[in-house]
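The numbers here are math on the coordinates, done by the rules we state, and not lab data. Note that the structure is a prediction, hence the values are computed from the model and not measured. Reconstructed Cβ throughout: ideal geometry from the backbone, glycine too, with neighbour counts over all protein chains shown.
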Amino acid sequence: MKKKISMLLLSAAAALCLTACGAASKEPGSGELTKLTFVLDWTPNTNHTGVYVAQAEGYFKEAGVEVDIIQPPEDGAALLVAGGGAQFGVDFQDSLAPAFAGDNPLPVTAVAGIIQHNTSGLISLKEQEIDSPKKMEGHTYATWNLDTEQAILKYVMEQDGGDFSKLDMIPSTVTDVVTALETDVDLIWIYYAWDGVAAQVKGLETNYISLADLDEALDYYSPVIIANNDFLKQHPDQAKAFLTAVKKGYEFAIENPQEAAEIFCEAVPELDPEMVQKSQEWLANQYQGDAVSWGVIDGSRWDGFYQWLFDNDVIDQEIPKGTGYSNEYLE
């Protein structure tokens with residue numbers, strides 16, 4: 001799930017960014033572990049499994065780093081990373097758009113795509129018969145009240161011949177998709193690997209509209225690992241060491257989804273093991289997808305989505321190509 005970020009806070013965070021970034025000065029190979037902080041985007045879920053595997057299997061230690069995994073503050077991961085409170089974090093390409101479109105861009109860079117393709121979309125109970133965007137007319141939708149979110153909904157409905165004004169928007173941050181679908185709303189924007197699988201485990205019959213399947217411009221990166229720009233400039237070797245360990249963690253999860261699920265459940269025991277297991281199996285083929293290796297960001301898709309946002313008047317300023325991401329630290 002994503003939280004609303006105001007441009008005022010974005011500008012303030014950019015202006016107040018800590019140049020030292022709070023990183024230890026030790027570099028890999030010094031014999032001492034460099035302490036780093038990694039902030040999640042939400043509560044722990046299988047998007048994050050590779051990081052927990054890297055922790056449990058000792059990949060971070062092998063890389064010379066000690067990583068503290070924390071949950072995000074109310075303002076979200078991007079602001080904490082931009083301000084130097086964490087060196088790395090999890091965010092989403094769509095949520096980051098305002099951060100890169102303003103006069104004072106947020107000093108963060110996406111350094112790895114956790115999942116290669118956009119696995120988010122719209123879920124509803126099968127009995128609602130919402131199997132295309134046009135059929136969303138007359139139904140209730142739980143909205144985060146984000147400009148990008150609503151622009152995408154408007155676009156896909158109109159492309160299908162629908163009327164966006166006929167979608168009943170109910171402001172809501174849904175924490176239990178199954179309960180919400182059965183009681184409060186007809187439609188929810190979800191990440192299939194978590195909430196879609198949860199609906200399956202609960203035995204719900206649903207329809208699911210994949211955004212990436214509707215338009216190639218909507219096949220953006222969600223989620224991504226972001227890093228503080230000053231940290232990347234001052235400690236590139238530490239950044240590469242961290243990502244080397246994380247990559248090993250996700251490669252482990254790809255090859256061993258059952259064992260990865262067990263490792264993740266040991267780290268977060270409050271989660272439902274069956275749910276985690278099925279989610280992990282579903283994601284095993286999604287983490288790397290058709291990329292040459294895990295984490296690589298396709299610049300044409302990255303730039304294409306931001307161009308789509310500008311062309312559809314979601315952002316006021318065009319984001320220059322190549323802005324906001326780098327594959328350099330995966331090398």
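The ranking of Leu283, Leu204 by Cβ neighbour count inside 10 Å, starting from the fewest, reads Leu204, Leu283. Phi angles of region 179-196 translate, via the Karplus equation with coefficients 6.51, -1.76, 1.60 and θ = phi - 60°, into HN-Hα couplings of 5, 4, 5, 7, 10, 10, 9, 9, 9, 9, 7, 10, 9, 4, 4, 10, 6, x Hz per residue; Gly and Pro are given as x.
Can you give the FRET efficiency to the nearest 0.05 for Glu205 and Asp160, using r as the Cβ-Cβ distance and R₀ = 35 Å? That pair, Glu205 with Asp160, gives E of 0.95. Please grab the % of Cα pairs in region 72-113 that end up more than 16 Å from each other. So the portion of pairs separated by more than 16 Å is 30 percent. Normalised size of region 120-218, defined as Cα radius of gyration per 2.2 N^0.38 Å with N residues, equals 0.98. Each residue of region 310-326 is assigned a 3J(HN,Hα), and the resulting list reads 5, 5, 9, 6, 7, 10, 7, 10, 6, 8, x, 4, x, 7, x, 9, 7 Hz, derived from the Karplus form 6.51 cos²θ - 1.76 cosθ + 1.60 (θ = phi - 60°), x at Gly and Pro. Label-to-label distance, Asp290 versus Asp176, with points set 7 angstrom from Cα along the beta-carbon direction: 4.0 nm.
Using only the alpha-carbon atoms, how far is helix 257-267 inclined from the longest principal axis of the chain? Give it as 0 to 90 degrees, nearest 10. Between helix and principal axis, roughly 70 degrees. Residues whose amide H falls under 5 Å from that of Thr206, counting only those 5 or more places apart or on a different chain, are Lys126, with hydrogens built in the peptide plane.
Under 5 Å between amide H atoms, partner at least 5 residues away or on a different chain: which partners does Val39 have, H built in plane at 1.01 Å? Residues meeting the amide H criterion: Ile70, Phe88, Gly89, Val90. Summing +1 for each Lys or Arg and -1 for each Asp or Glu among the other residues whose beta-carbon sits under 15 angstrom from that of Thr206 gives -4. Only helices enter the 222 nm calculation for the chain: every DSSP H run of n ≥ 4 contributes -39,500 (n - 2.57), and dividing by all residues gives -11000 deg cm²/dmol, rounded to 500.
Separation of region 196-221 and region 136-173, taken as the distance between their Cα centroids, equals 16 angstrom. Against the main long axis of the alpha-carbon atoms of the chain, helix 147-159 sits at an angle near 40°.
3J(HN,Hα) along region 124-135: 8, 5, 4, 5, 6, 6, 9, 10, 8, x, 4, 6 Hz, from the Karplus curve 6.51 cos²θ - 1.76 cosθ + 1.60 with θ = phi - 60°, whole Hz, x for Gly and Pro. Each of the trypsin sites (Lys or Arg not before Pro) that DSSP puts in a loop and that has at most 16 other Cβ atoms within 10 Å breaks the chain; the longest unbroken stretch is 27-201.
When the GluC sites (Glu not before Pro) in region 174-245 are filtered for DSSP coil states and for at most 15 other beta-carbon atoms within 10 Å of their beta-carbon, the remaining sites are Glu205.
Each DSSP beta bridge with both residues in the chain is either parallel or antiparallel, and the antiparallel ones are about 55%.
Between [x] 28, 49, 21, 3; [y] 28, 55, 17, 1; [z] 32, 59, 9, 0, which entry matches P(r) over Cα pairs in 20 Å bins from 0, in percent as derived from the coordinates of this structure? Given [x] 28, 49, 21, 3; [y] 28, 55, 17, 1; [z] 32, 59, 9, 0, the structure-derived one carries the label [z]. Annotation note: GluC sites (Glu not before Pro) in region 90-138 located in DSSP loop regions with a Cβ neighbour count of at most 12 within 10 Å are Glu129.
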